[in-house]
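> Structure provided below as structure tokens; questions to follow.
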Amino acid sequence: MEEGGDSAVQEAVLLTRFASKVTIIHRRNRLRASRLHQERAFVNPEIEFIWDTVAEEIEGPDKVRGLTVHNVKTGKISTVGVWWVFLYVGLHPETDYLRGLIPLDEEGRTPTTQRMEAKIPSIFAAGYIRKHSLHQVITAAVEGATAALSAEKYLMEQQ
């Protein structure tokens, strides 16, 4: 998934419920998240951005004391004072093998029915590859159970 996309920005906004400050370190100079998610992040006073930068090293032998970062445009290496590091690189479904078999959007996700059935009967999808999913582990588990029961029902109907 593209860095600075919806998932990463949503997680940063969520983290502001538990932290007084969240810093998004992003390798580019702009986000790729939807306008709505960007606006939520930009107006949130607990979120700050460090652009054109990548994390290099977590500092501290026994607990987090800082983060070494590298600005990809200037080459400057500096330290950001942090207490915690939450790594989030997004969600990218590995669905290239399904291209041409079922419809996939630009992110590699497929629409499904409430029974988790893809556009082609007998193909079921759940979790990260499903379009309009919450893309959370708990949701994927429920969707997986629904897909399994739907597949079983489908097979019973074919007998």
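Any read-out appearing in this document is the output of simple, stated calculations on the displayed coordinates, not a laboratory observation. Small disclaimer: the values here were computed from a predicted structure and weren't measured. Please note: Cβ atoms are built from the backbone with ideal geometry, for glycine as well, and neighbour counts cover all protein chains shown.
> With a 10 Å radius around each residue's Cβ, average the other Cβ atoms per peptide and rank 27-40, 146-159, highest first.
27-40, 146-159
> Defining a contact as two alpha carbons under 8 Å apart and six or more residues distant in sequence, what relative contact order in percent does region 27-69 show?
33
> Further question: Suppose R0 equals 41 Å; then what is the FRET efficiency for V85 and K153 from their Cβ-Cβ distance, rounded to the nearest 0.05?
Efficiency for this residue pair is about 0.35.
> Sticking with the crude label model, points 7 Å out along Cα→Cβ, report the distance from V72 to E94 in nm, one decimal please.
Using points 7 Å along Cα→Cβ, the separation is 2.3 nm.
> What is the extension gain from T16 to V64, computed as 0.36 nm multiplied by their sequence separation minus the C-alpha to C-alpha distance, in nm to one decimal?
Once the chain is fully extended between T16 and V64, it gains 15.4 nm.
> Also: Could you give the angle, 0 to 90 degrees to the nearest 10, between helix 6-15's Cα long axis and the longest principal axis of the Cα atoms of the chain?
60
> How large is the helix-only mean residue ellipticity at 222 nm for the chain, computed as the sum of -39500 (n - 2.57) over DSSP H runs with n ≥ 4, divided by its residue count, in deg cm²/dmol to the nearest 500?
The helix-only estimate for the chain comes to -8500 deg cm²/dmol at 222 nm.
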